[in-house]
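Right, one structure below, let's go through it.
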């Protein structure tokens, strides 16, 4: 579009004295105006999460993190419109009233309940992977509709976290979940639970729960599993996968081993592929 606008402005100069050239420039310009009008009309408003109570037709002051995102990242200005959501299912039309360096004040409209949640209640129990791999997994899992993420340390985990570092990482992953909701339109923010060891986390399944773990050598494909009637727990190992003992312990606690084709996938690929497959098989894809 930018190149087209430049062409429209430059054409009269390039075709100085040419009626045909000026006519072409005018036609291109009119098309640019029409397309711009359509883009403005259909432009998706930025979405911002507010963790507190929001009053309809009231004033809302955002905390520093969200204020920085609006002013420095999105580069919005006073009078700009956006969507505010509270993480509990409500979203609000909002307008920037004041834009300060550390605080942004919004005026809000009516609250509305907008449901963009998956019909599947899926918890991703993910063996912690290194750095950006875990960040990617959490982000894409939220976009794919998970209800919660349970980070796990396993025998083959490369990452070892003490209590303080584990708490910081959970807070970091929770912020990634919030950002993913802002991007994908979800109004309920999935919880990222405290880190646990796989042994401490494993327990008897709840009634009607469907428990699935991925195993390249499993005899059954994910697509061959019977449709889940209740909540789903998907267990995915870290970079090195689950150990044979851990997989046996999981099966003893009601997990069904399933494979995703004949290829061995990276941990972040396996989680995303399995969640997408579940949504295709039983969900809203």
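In this structure, does residue 167 turn out to be within 30 Å of residue 238 (Cα to Cα), in a loop (DSSP other than H, G, I, E, B) and in the same structural domain as residue 247 (by TED's automatic domain parsing)?
Values: within 30 Å of residue 238 (Cα to Cα): yes; in a loop (DSSP other than H, G, I, E, B): no; in the same structural domain as residue 247 (by TED's automatic domain parsing): yes.
The answer is no for residue 167.
Got a number for residues in the stretch 134-149 being surrounded by 20 or more Cβ atoms within 10 Å (Cβ to Cβ) and farther than 13 Å from residue 180 by Cβ?
Of the residues in that region, 1 qualify.
For the stretch 176-188, name all the residues that are in contact (Cβ under 8 Å) with a residue 40 or more places away in the chain and either surrounded by fewer than 20 Cβ atoms within 10 Å (Cβ to Cβ) or in a helix (DSSP H, G or I) (or both). Walk me through it before giving the result.
Let us first name the residues in the stretch 176-188 that are in contact (Cβ under 8 Å) with a residue 40 or more places away in the chain, namely 176, 178-188.
Selection gives 176, 178, 179, 180, 181, 182, 183, 184, 185, 188.
Tell me the residue from 143, 117 that is modelled with pLDDT of 95 or more and under 28 Å from residue 58 (Cα atoms), please.
Going through 143, 117 in turn, just one is modelled with pLDDT of 95 or more and under 28 Å from residue 58 (Cα atoms): 117.
Among the residues of the stretch 56-74, count how many are more than 19 Å from the chain's Cα centre (by Cα) and either under 20 Å from residue 178 (Cβ atoms) or in the same structural domain as residue 187 (by TED's automatic domain parsing) (or both).
Of the residues in the stretch 56-74, 9 are more than 19 Å from the chain's Cα centre (by Cα) and either under 20 Å from residue 178 (Cβ atoms) or in the same structural domain as residue 187 (by TED's automatic domain parsing) (or both).
Which of the following residues is surrounded by 17 or more Cβ atoms within 10 Å (Cβ to Cβ) and either closer than 25 Å to residue 201 by Cα or in contact (Cβ under 8 Å) with a residue 60 or more places away in the chain (or both): 108, 123? Break it down stepwise before answering.
On the way: 108 fails: either closer than 25 Å to residue 201 by Cα or in contact (Cβ under 8 Å) with a residue 60 or more places away in the chain (or both).
Unique residue meeting the criteria: 123.
Whether any residue in the stretch 202-210 is touching a strand residue (DSSP E or B) at 6+ places or on another chain (Cβ under 7 Å) and under 26 Å from residue 159 (Cα atoms) is what I want to check. Talk me through it step by step, then tell me what you get.
If we filter the stretch 202-210 for residues that are touching a strand residue (DSSP E or B) at 6+ places or on another chain (Cβ under 7 Å), which is where we start, we get 205, 209-210.
Filter again for under 26 Å from residue 159 (Cα atoms), leaving none.
No, the stretch 202-210 contains no residue that is touching a strand residue (DSSP E or B) at 6+ places or on another chain (Cβ under 7 Å) and under 26 Å from residue 159 (Cα atoms).
Is it the case, given these coordinates, that residue 84 is in a strand (DSSP E or B) and under 15 Å from the mean Cα position of the chain (by Cα)? Reasoning before the result, please.
On the way: in a strand (DSSP E or B): yes; under 15 Å from the mean Cα position of the chain (by Cα): no.
The answer is no for residue 84.
The values are calculated or read from the model by the stated rules, or taken from the named source; none is laboratory data. These figures come from a predicted structure and were not determined experimentally. Note that each Cβ is placed from the backbone with ideal geometry, even for glycine, and that neighbours are counted across all protein chains shown.
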